[in-house]
């Protein structure tokens with residue numbers, strides 16, 4: 001058999017085909033009647049005729065990655081959760097505008113393709129898509145020797161969703177006195193991992209700590225989407241923590257006052273802060289501190305909203321007159 005010059009340069013087409021074979025069933029499990037062409041096609045085809053039933057459909061698009069969490073996952077040999085991280089982060093980013101996901105596209109790149117590792121990540125992506133009833137319409141797997149370090153990979157994704165124009169969040173009715181209701185995160189989600197890796201560099205990562213650090217970024221879609229009519233705004237607490245993310249949904253004349261004693265951050269945050277000697281304000285500017293999503297609701301409807309949600313939530317603050325800042329009390 002003739003030696004492949006392409007393979008000898010570091011790119012193995014057969015390994016790519018093997019990865020597709022391992023992942024294809026999981027990808028196809030996300031398909032619905034709107035998918036006209038998916039895996040194996042040059043481009044995914046999605047039938048958008050159902051949007052005709054909407055009064056004024058607006059498409060919402062977002063692209064993101066998982067950041068340096070992939071480096072920790074690769075080192076620990078735990079890849080499937082990275083797929084959930086990618087999808088759920090993107091779902092939450094369009095949920096805060098009120099959108100329902102339609103389809104997802106992924107991009108996986110590595111120095112040397114490991115078919116089993118690649119399939120694990122994409123299967124994780126497919127599982128998260130299926131949980132949100134969203135099609136994984138297509139993607140790309142790239143083997144790039146010399147660009148990525150050996151045994152490392154990166155992943156990115158694009159989500160497309162839809163909503164009615166008159167349902168776009170945040171609503172213009174935000175006002176002083178509205179309450180901020182927080183929902184628990186599942187861990188650091190996908191943010192702050194460059195700092196986390198620095199902090200834990202000299203710590204032995206036992207199974208429990210590894211599980212806490214690599215817990216997949218949770219999706220809030222199924223929890224909150226049915227109740228968005230009661231919500232004035234949502235803030236996804238991602239990179240930038242409380243300090244940078246909450247102001248993104250505020251009017252210029254409003255501040256958000258956060259009562260730090262209204263919930264108890266999980267022990268992981270105390271470990272990170274103490275081992276890294278990190279100031280409290282920086283912790284709330286980098287991490288979610290145990291709160292991954294915040295809903296802003298009218299004070300009069302807060303009890304009804306909280307009782308309609310299927311998990312505990314926390315009133316963590318309120319809006320006050322101000323200059324679009326976050327005040328930590």
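Only the coordinates and a few stated rules stand behind these numbers; no lab work does. The structure displayed is predicted, hence computed values, not measured ones. Cβ coordinates were reconstructed from backbone atoms using ideal geometry, including for glycine residues, and neighbour counts include every protein chain displayed.
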Q) So what is the calculated 222 nm ellipticity per residue for the chain, using -39500 (n - 2.57) for each DSSP H run with n of 4 or more, over all residues, to the nearest 500 deg cm²/dmol? A) -9500 deg cm²/dmol
Q) Going by alpha carbons, how many degrees (0 to 90, nearest 10) lie between the helix axis of 80-95 and the longest principal axis of the chain? A) 40 degrees
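Cα-based Rg of the stretch 218-291 per 2.2 N^0.38 Å, rounded to two decimals? Walk me through the numbers before you get to the answer.
Details: Rg = 14.1 Å, N = 74, 2.2 N^0.38 = 11.3 Å.
Compared with the compact-globule rule of thumb, the stretch 218-291 sits at 1.25.
Compactness ratio of the stretch 172-329: Cα Rg over 2.2 N^0.38 Å, N = residue count?
Details: Rg = 16.0 Å, N = 158, 2.2 N^0.38 = 15.1 Å.
Computed over Cα atoms of the stretch 172-329, the ratio equals 1.06.
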Q) Relative to the first principal axis of the alpha-carbon coordinates of the chain, what is the inclination of helix 13-28, with its axis defined by its Cα atoms, in degrees from 0 to 90 and to the nearest 10? A) 40 degrees
Q: Return the tail of the calculated pair distribution for the stretch 136-216, meaning the percent of Cα-Cα pairs more than 16 Å apart.
A: 76 percent
Q: Indicate the gyration tensor shape class of the stretch 18-94 (rounded, prolate or oblate), computed on the Cα atoms with a ≥ b ≥ c the square roots of the eigenvalues: a/c under 1.5 is rounded; otherwise a/b larger than b/c is prolate and the rest oblate.
A: oblate
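Give the percent of DSSP beta bridges with both residues in the chain that are antiparallel, rounded to the nearest 5.
Values: 40 of 52 bridges.
In the chain, approximately 75 percent of DSSP beta bridges are antiparallel ones.
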(Q) When 1/r is averaged over all different Cα pairs and the result inverted, which Kirkwood radius in Å belongs to the chain? (A) 21.1 Å
(Q) For 76, 283, which order do you get if you count the other beta carbons within 10 Å of each Cβ and list the fewest first? (A) 76, 283
Q: Would you mind listing how long the stretch 5-167 runs along its three principal axes, going by Cα atoms, in whole Å with the largest first?
A: 55, 30, 23
Q. Can you sort 52, 198, 100 by how many other beta carbons sit within 10 Å, fewest first?
A. 52, 198, 100
